[in-house]
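First up is the structure itself, then whatever we jot down about it.
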Protein chains: 2
Amino acid sequence: MFVIGSGGKHLEDELRELGGETIKVELGKFPDGEKYVRVLGSGNEATVVSSTFAPQDEKIVELLLIGDALREKGFERLRAVVPYFAYSRQDRVTKEGEPVSVRAIMKALGLYYDELYVFDIHNPKTLRYFPAKAVNVSPARAIAGYFREKLGDGIVLAPDKGALERARAVAEELGLEYSHFEKRRISPTEVEMRPVDVDVTGKNVLIVDDIISTGGTMIKAAKILKKLGAEKIFVGVTHGVFAEGAIERVSQAVNELAVTNTIPTPVSKISVVPEILKL
Amino acid sequence: MFVIGSGGKHLEDELRELGGETIKVELGKFPDGEKYVRVLGSGNEATVVSSTFAPQDEKIVELLLIGDALREKGFERLRAVVPYFAYSRQDRVTKEGEPVSVRAIMKALGLYYDELYVFDIHNPKTLRYFPAKAVNVSPARAIAGYFREKLGDGIVLAPDKGALERARAVAEELGLEYSHFEKRRISPTEVEMRPVDVDVTGKNVLIVDDIISTGGTMIKAAKILKKLGAEKIFVGVTHGVFAEGAIERVSQAVNELAVTNTIPTPVSKISVVPEILKL
């Protein structure tokens with residue numbers, strides 16, 4: 001049985017259409033801004049679905065309140081499906097004195113949930129901060145499915161070596177070649193970015209990544225691919241954390257931009273709901 | 001050493017003037033809305049001060065991030081001073097399916113803090129949800145001090161029996177009489193509210209309570225006291241969670257309205273900082 005939080009409302013209709021049973025939940029706010037939660041069903045096991053896009057902190061606290069309400073009602077086994085996990089990029093101390101923010105949120109959710117499922121988290125190693133079973137779900141099949149026909153016998157590229165595993169997963173679904181961009185200093189002031197060991201001439205290219213915000217890297221990559229004679233250029237990203245104007249800028253630079261619906265955006269054309277139903 | 005969170009900024013100057021040493025903290029937000037925290041000092045023990053008024057959830061998450069940063073820096077003993085504790089009125093299940101919200105927040109703070117200090121929490125029994133030492137600090141001395149001269153040989157009243165303990169604490173600081181209002185049904189449609197076992201004729205009266213929001217009860221109480229011949233009427237409340245227009249409406253109905261600075265408002269004339277320094 002699914003319990004849909006504020007960050008899962010945009011997934012609810014499809015979840016039901018595909019056969020997911022949901023428990024009725026009242027979600028609201030008191031006049032002073034405090035969240036109000038009420039869970040109307042009962043049972044033993046529940047899967048709470050809520051993505052933690054902005055306002056992130058409200059959705060995080062709501063997940064705690066829903067967990068508390070379900071425990072109070074006697075639910076014994078609680079799973080949290082958090083398609084986009086807020087603070088996942090704060091996965092290390094970059095400057096002394098910073099927190100590992102993702103750790104704090106994982107620990108807090110661990111107070112109420114026995115299992116955590118997230119999609120394509122920025123750094124999968126951070127799942128160890130969750131005190132119980134935590135699973136990183138790949139959206140590779142969904143992204144591959146969306147681009148299969150458009151891409152033809154194209155190439156899948158990661159914008160950097162760190163994202164190579166994501167490109168590999170999508171490419172293997174499609175039976176295609178994959179590689180990544182690398183940065184190379186070509187003069188004291190210039191850095192060149194180019195795809196490694198792969199010829200994109202006359203080929204369609206899909207660039208994949210976990211998060212897109214300003215889209216700067218994608219726009220740069222697209223320019224280089226065009227210069228190298230690539231045919232059509234597609235961008236397929238898991239989480240669309242778009243900065244102001246980024247959707248328009250990236251859309252103009254490539255043939256098509258599509259992200260999954262872990263965050264609802266105008267280009268969230270790829271659904272992760274079928275994957276949620278398989279968990 | 002004090003670490004001041006977003007909900008403690010309004011207390012920082014006074015805290016320092018009265019001799020409190022503070023550690024430098026950077027607080028901010030990333031473009032996507034996630035909180036950024038950086039603690040610049042180091043040591044073994046720290047007291048984090050942050051009141052959780054609106055936006056409550058942001059301040060709650062920030063307290064977790066500050067806690068994580070301090071633990072990461074090797075601080076071994078962390079105290080949280082949360083003068084106004086959000087969700088403290090959600091202290092029981094009123095309708096089936098609701099959470100005990102205050103429990104969820106207490107448990108979350110318990111992940112990082114060894115001691116919790118709150119001022120005049122709505123239901124002191126909820127402190128048991130904090131997994132370690134939790135203390136309810138009374139603002140009675142501060143409120144009594146502010147009204148001592150204005151009140152003279154007046155009377156301290158609680159708006160209902162549940163708040164009597166608060167009235168007693170303030171009255172004892174002042175060496176004055178105290179009592180409470182009670183509601184009595186005088187016809188099928190009318191409820192009369194009146195002070196119990198006390199004669200307010202010609203006396204100044206101070207009404208005290210933990211939280212004021214719409215101020216409806218206070219305005220009603222003031223009307224009754226005037227009708228009964230009370231002299232000056234004062235309202236002294238701990239937490240000013242004012243609804244739109246409430247400050248003006250209450251101020252017009254009484255001789256003076258003053259709340260403490262657990263929440264910064266235009267009438268937060270009573271400081272709890274001296275009490276914080278004594279913890």
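The values are calculated or read from the model by the stated rules, or taken from the named source; none is laboratory data. What you see is a predicted model, and the numbers here were worked out from it, not measured in a lab. Heads up, the Cβs are rebuilt from the backbone with ideal geometry, glycines too, and the neighbour counts pull from every protein chain shown.
Couple of notes before you dig in:
- In segment B:182-206, residue farthest from B:Val156 (Cα to Cα) [restricted to those that are among the β-branched types (Val, Ile, Thr) and surrounded by 13 or more Cβ atoms within 10 Å (Cβ to Cβ)]: B:Val196
- Of all the numbered requirements in (1) more than 10 Å from chain A (Cβ to nearest Cβ); (2) touching a helix residue (DSSP H, G or I) at 6+ places or on another chain (Cβ under 9 Å); (3) of a type in the set (Asp, Glu), B:Glu76 misses one, and that requirement is (2).
- B:Ala144 part of a helix (DSSP H, G or I), free of Cβ contacts under 8 Å to residues at least 40 places away in the same chain and either outside the structural domain of B:Val81 (by TED's automatic domain parsing) or on the phi > 0 side of the Ramachandran plot (or both): yes
- Restricting attention to segment A:13-22, the residues being of a type outside the set (Asp, Glu) and assigned to a helix (DSSP H, G or I) number 2.
- Inspection of segment B:140-148 identifies no residue that is of a type in the set (Lys, Arg) and over 18 Å from B:Val272 (Cα atoms).
- Count of segment A:23-56 residues which are within 14 Å of another protein chain (Cβ to nearest Cβ) and in a strand (DSSP E or B): 13
- The single condition from (1) modelled with pLDDT under 95; (2) surrounded by 22 or more Cβ atoms within 10 Å (Cβ to Cβ) that B:Ser51 fails is (1).
- Taking the criterion of being within 7 Å of chain B (Cβ to nearest Cβ) and either buried (at least 23 other Cβ atoms within 10 Å of the Cβ) or free of Cβ contacts under 8 Å to residues at least 12 places away in the same chain (or both), the residues of segment A:91-102 that qualify are A:Val93, A:Lys95, A:Gly97, A:Glu98, A:Pro99, A:Ser101.
- Sole exception among (1) modelled with pLDDT of 95 or more; (2) under 22 Å from B:Glu115 (Cα atoms); (3) more than 26 Å from the chain's Cα centre (by Cα) for B:Glu45, by number: (3)
Conditions (1) crowded, with 17+ Cβ neighbours inside 10 Å; (2) among the small types (Gly, Ala, Ser), marked per residue:
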position: B:Gly67; (1), (2): yes, yes
position: B:Gly74; (1), (2): no, yes
position: B:Ala104; (1), (2): yes, yes
position: B:Lys107; (1), (2): yes, no
position: B:Tyr113; (1), (2): yes, no
position: B:Asp120; (1), (2): yes, no
position: B:Arg128; (1), (2): no, no
position: B:Pro131; (1), (2): no, no
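- B:Phe130 out of contact with any Pro (no Cβ under 6 Å at 6 or more places or on another chain), within 14 Å of another protein chain (Cβ to nearest Cβ) and within 24 Å of B:Val273 (Cβ to Cβ): yes
- Among the conditions (1) within 22 Å of the chain's Cα centre (by Cα); (2) hydroxyl-bearing (Ser, Thr, Tyr); (3) under 30 Å from B:Lys73 (Cα atoms), the only one that A:Thr94 does not satisfy is (1).
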